Structures are given as C-alpha cells and as structure tokens.
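The values are calculated or read from the model by the stated rules, or taken from the named source; none is laboratory data. As the structure is a computational prediction, the values presented were derived from the model and not from experiment. We place every Cβ from the backbone using ideal geometry, glycine too, and count neighbours over all the protein chains shown. When the accessible area is computed, the model is the full protein with side chains, heavy atoms only, and any ligands, DNA or RNA have been set aside. Shrake-Rupley method; radii C 1.70, N 1.55, O 1.52, S 1.80 Å.
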Amino acid sequence: MIIELRSARELGSACDDDDLVMWAAQGLTGAGRAWALGDAVVAGSPLISRRDRLAVWGGADCAAELLRHALGELGPAYRPLGEAELMSEVTARLDGVRERGRFSWMSLPAAPAPIPASVLGEGVGWVEAEAEVAALLAAAAPHSYAVPGAAGVSRWAGVRVDGRLAAVAADAWSAPTVGLLAGVATDEAFRGRGLAERVCRWVSRELVAAYGRAALMVDDVNAVAIGVYERIGYRRRPVMAAHVTP
C-alpha cells in the first residue's frame, strides 16, 4: 500500500536519511510531498534548482509504481531523478518516462575534510552587492541556474582580488537538513589561482554548520570542478534525470 509521508522525520526513516531525497523534499514544507511503498520512496518539490523535481530511491519495482503514482498526483512537469542504475530500471518499467540526462550528485558529510588555512585564506565572505555577482555570472557562467534574485537562491559568497569580485558561490535551494552549493563561477581574468576552491571550501563549511551537511550537482564532463569538490571532501554518485514524454 502506498503511504504518503507527512513529516521530515517519517521521510528520513523511510529513506535511510538519503541526502538527495531529503533535499528534494525540502523538509516537506510548502508544496513538498513524499510517498513510500515497500522498499522505495519518492519525494519532491516544485522549483528547486529551476525544476519541479522528484527524487527516487529504493528498489526498482516499488520505485516505478511509486513514481507512476507521484506523477499522477503532481503532474507531468516533474522531473524524476535518482541513482543512475536505479533510474535506468525504473524508466524501463514506465511508458512515457524517458531519460533526460546524466550528471553527478555530490555529498559532503557532517564531518568534512579539514580545511587548510593556506587554502581557505582570507577575504572570503558573504557578498551584499548582488549586481556584481550578476555581472560576474553573466560573463563567466551565463548558464548558471543560480542567479541573484532567483527564487530559492538565499545568499552569495565571494572573494575579491584588488577590490574586484573574482569568484563566487551560492547557498541555493537548501533544505532544512541539506545545504546546496550552486552558482560557482570565477572571473576569467583570475582563473588558475584556486579562488573557486577557496570560495567553495568556505561556503561548504558554512552549509555544513547551518544545515548539517552539504551537497551539489555537477556535470560529469566538468572534470576540473569534480576534482575541486573531491579535494574538499565531497563524495560523488552518478544520477540520471528523466522526464515525461508526450
């Protein structure tokens, strides 16, 4: 029998506190919803990281049935995502649900790798001048999902070089128990100096302090960024996103 989960505590117990699921549910506040069946859980919320998203977890048979139910409740605009192997099995069981793309979900545990003072450095902090952030992103990362003023994008951190904003990262679409790192970008003039790593380390520490753990999404082809995140202590797992076809 499909059971709708009504609290973050119920959800955490049902999914072994999986950080992707807990992030997608957004604490089951607002429009967040979640269901369980057998060994599977599906949970999601609208407009997180610019999409209506549903995280899928557990055994493929129950997960496929749950996803069918959730899409019936929430509508076809929702994008299911989960570990790549699981989603391959789930999409094979569901007519009209097809692979959209693959990337990686990376998680930073509550006890992150130590932050060397030489890497952390000085001069990193929260940025109030969002116009500067927007200008940097427009030039260096025009396709960034996180931009100043977007719903769910909470705050920006950056580092300056000779007074000029050189690299930034955001706390965006964070859930009560999972902080999300997003919007990482470096001004082209300052690349190769480790500034993005410095900002990401600082923001990651802040996210873990505020939410208990941190996570991010990264394209698999971005080997340089993945290397930075792994040095910080993030753990990588391949995921697949799907969509409902007409």
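Quick one: what pairs do we get from region 82-101, first residue within 17 Å of Pro246 (Cα to Cα), second of a type in the set (Asp, Glu) and open to solvent by 20 Å² or more (accessible area, probe 1.4 Å), C-beta under 8 Å, 6+ apart or different chains?
Thr91/Glu99; Arg93/Asp61
Pull out all pairs, ordered by first then second residue, where Cβ-Cβ is under 6 Å, the residues are six or more apart or on different chains, the first lies in region 138-151 and is in contact (Cβ under 8 Å) with a residue 60 or more places away in the chain, and the second is surrounded by 12 or more Cβ atoms within 10 Å (Cβ to Cβ) and assigned to a loop (DSSP other than H, G, I, E, B).
Note: pairs meeting the criteria are Tyr145/Ser49; Tyr145/Arg50.
Could you please tell me which pairs satisfy a Cβ distance under 8 Å, a separation of 6+ or placement on different chains, a first residue in region 206-230 that is under 17 Å from Ala141 (Cβ atoms) and part of a helix (DSSP H, G or I), and a second residue that is open to solvent by less than 20 Å² (accessible area, probe 1.4 Å) and among the aliphatic types (A, V, I, L, M)?
Ala225/Val218; Ile226/Met106; Ile226/Val218; Tyr229/Met106; Tyr229/Leu216; Tyr229/Val218
Out of all the residues in region 1-36, which are surrounded by fewer than 23 Cβ atoms within 10 Å (Cβ to Cβ), modelled with pLDDT of 95 or more and polar (S, T, N, Q)?
Ser7, Ser13
Can you pull out the residues in region 192-206 that are open to solvent by less than 20 Å² (accessible area, probe 1.4 Å) and closer than 27 Å to Gly82 by Cα? Break it down stepwise before answering.
Let us first name the residues in region 192-206 that are open to solvent by less than 20 Å² (accessible area, probe 1.4 Å), namely 195, 199-201, 203-204.
Result: Cys200, Arg201, Val203, Ser204.
Residue by residue, here is whether (1) under 17 Å from Ser49 (Cα atoms); (2) of a type in the set (Phe, Trp, Tyr); (3) open to solvent by 50 Å² or more (accessible area, probe 1.4 Å) holds:
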site	(1), (2), (3)
His143	yes, no, yes
Pro176	yes, no, yes
Leu180	yes, no, no
Phe190	no, yes, no
Val208	no, no, no
Arg213	no, no, no
Gly227	no, no, no
Ala241	yes, no, no
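If you scan region 64-103, which residues turn out to be touching a helix residue (DSSP H, G or I) at 6+ places or on another chain (Cβ under 8 Å), within 10 Å of Val239 (Cβ to Cβ) and crowded, with 21+ Cβ neighbours inside 10 Å?
Leu81, Gly82, listed by residue number.
Test Ala60 against the stated conditions and say whether it is free of Cβ contacts under 8 Å to residues at least 60 places away in the same chain, among the hydrophobic types (A, V, I, L, M, F, W, C) and either over 18 Å from Ala241 (Cβ atoms) or surrounded by fewer than 23 Cβ atoms within 10 Å (Cβ to Cβ) (or both). Walk me through how you get there before you give the answer.
Values: free of Cβ contacts under 8 Å to residues at least 60 places away in the same chain: yes; among the hydrophobic types (A, V, I, L, M, F, W, C): yes; either over 18 Å from Ala241 (Cβ atoms) or surrounded by fewer than 23 Cβ atoms within 10 Å (Cβ to Cβ) (or both): yes.
Spelling it out, Ala60 is indeed free of Cβ contacts under 8 Å to residues at least 60 places away in the same chain, among the hydrophobic types (A, V, I, L, M, F, W, C) and either over 18 Å from Ala241 (Cβ atoms) or surrounded by fewer than 23 Cβ atoms within 10 Å (Cβ to Cβ) (or both).
Find the residue count for region 148-174, including only residues that are open to solvent by 60 Å² or more (accessible area, probe 1.4 Å), under 25 Å from Gly194 (Cβ atoms) and not in a strand (DSSP E or B).
Matching residues across region 148-174 total 1.
Could you give every pair whose Cβ atoms fall below 8 Å, whose first residue belongs to region 1-13 and is under 13 Å from Trp57 (Cβ atoms), and whose second residue is open to solvent by 40 Å² or more (accessible area, probe 1.4 Å) and not in a strand (DSSP E or B), counting only separations of at least 6 or pairs across chains?
So the pair list comes out as Gly12/Thr177.
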